[in-house]
Amino acid sequence: MPTPDHYLQHLSVERRLSANTLDGYRRDLAALVQWAEGEGYALESLDANAIRAFIAAGHRAGLSPTSLQRRLSACRGFYAWMLRQGVVAANPAAGVRGPKAARRLPQVLDPDEAQVLVEVPTDAPLGLRDRALLELFYSSGLRLSELCGLHWRDLDLADGLVTVMGKGSRQRSVPLGSHARNALADWRRSTGAGAADPVFPGRNGPITPRAVQLRVRKLARQQGLFKRVHPHLLRHSFASHILESSGDLRGVQELLGHADIATTQIYTHLDFQHLAGVYDAAHPRARRRGTSEEE
């Protein structure tokens, strides 16, 4: 009988999902197994009402709408796979709707803050590496996992391109700006690395995502930025600044490697938010908002 472990193995080998995504699905499906056993159900016998009851149990336990949506997504994927295996006759989670989560706009650095962050001193210990890492993040909008997995063979510094394997085994090539190319070239010269070597090595292979997160946070503080700076913030900033300058949503979608343009559309809200701020600061009628006529 196929099990959640078999499904997770399928996701790892066939879909090549990230370790973080797999861990989330593993926890969600373990919760489903535990709930079904407690209710006396076999996984293959669950219907839509049972899935709704499972999600409701999570809600009563205090899970956020976002967590419940992810839990429901794990159930949909698992039962779609079970359906293909011929174990179930229908996907019981297909028509179940989870609670609607409020969509929060991501924070971004403004262009001046981004410039301050990436221009770390190169004469400091690991300065060349840090400059290359930050310039690459901001120049390309790579995901953290994509940057950590880079090898020098994935970079074409002459043509200014980096090629990565993104989510869902989708390969894409992203242009590199001149500052990132120069920083990467300086970093490679200092290490003498070969094509098969990781761009950013750690103690035992490529640098770990956690090490990058901690380093970015420390560098931000050293550069005088006191926002909560993390690698994904640089990806958000990259996308927002490109869209603000170009207005090309499809182009930003390609650069970020989003399968669905709806995911990219959040940056149109950021762009509008920026324009609204400009309006509020500059328009003579806007400045009167919230004040009396006598003022």
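Annotation for Thr122 and Ala56: the two label points, set 7 Å from Cα along the Cα-Cβ direction, are 6.3 nm apart.
With the whole protein complex present, Glu39 retains an accessible surface near 100 Å², based on a 1.4 Å probe.
Take every Cα pair under 8 Å whose residues are at least 6 apart in sequence, average their separation, divide by the length of the range 16-170, and the relative contact order is 22 percent.
For the pair Gln107 and Gln171, label points projected 7 Å from Cα toward Cβ lie 3.7 nm apart. Listed by chain and number, the lysines whose alpha-carbon sits under 27 Å from that of Lys227, ignoring those within fewer than 8 places in the same chain, are Lys218. The charge dipole of the range 80-201, taken about its Cα centre with unit charges on the Cβ atoms of Lys, Arg (+1), Asp and Glu (-1) only, comes to about 940 debye.
Using a simple spin-label model with pseudo-atoms 7 Å out from Cα toward Cβ, Arg26 and Ala89 lie 3.5 nm apart. Computed from the Cβ-Cβ distance with R0 of 45 Å, the FRET efficiency linking Lys218 to Asp47 stands at 0.30. Note on Ala196 and Phe226: with the Förster distance fixed at 41 Å, the Cβ-Cβ geometry gives a FRET efficiency of about 0.55.
Straight-line cross-link reach from Lys100 at under 26 Å between alpha-carbon atoms covers these lysines, not counting any fewer than eight positions away in the same chain: Lys167.
The values are calculated or read from the model by the stated rules, or taken from the named source; none is laboratory data. Everything numeric here is computed off the predicted structure, so don't read it as measured data. Note that we place each Cβ from the backbone using ideal geometry, even for glycine, and neighbour counts take in every protein chain shown. When the accessible area is computed, the model is the full protein with side chains, heavy atoms only, and any ligands, DNA or RNA have been set aside. Shrake-Rupley method; radii C 1.70, N 1.55, O 1.52, S 1.80 Å.
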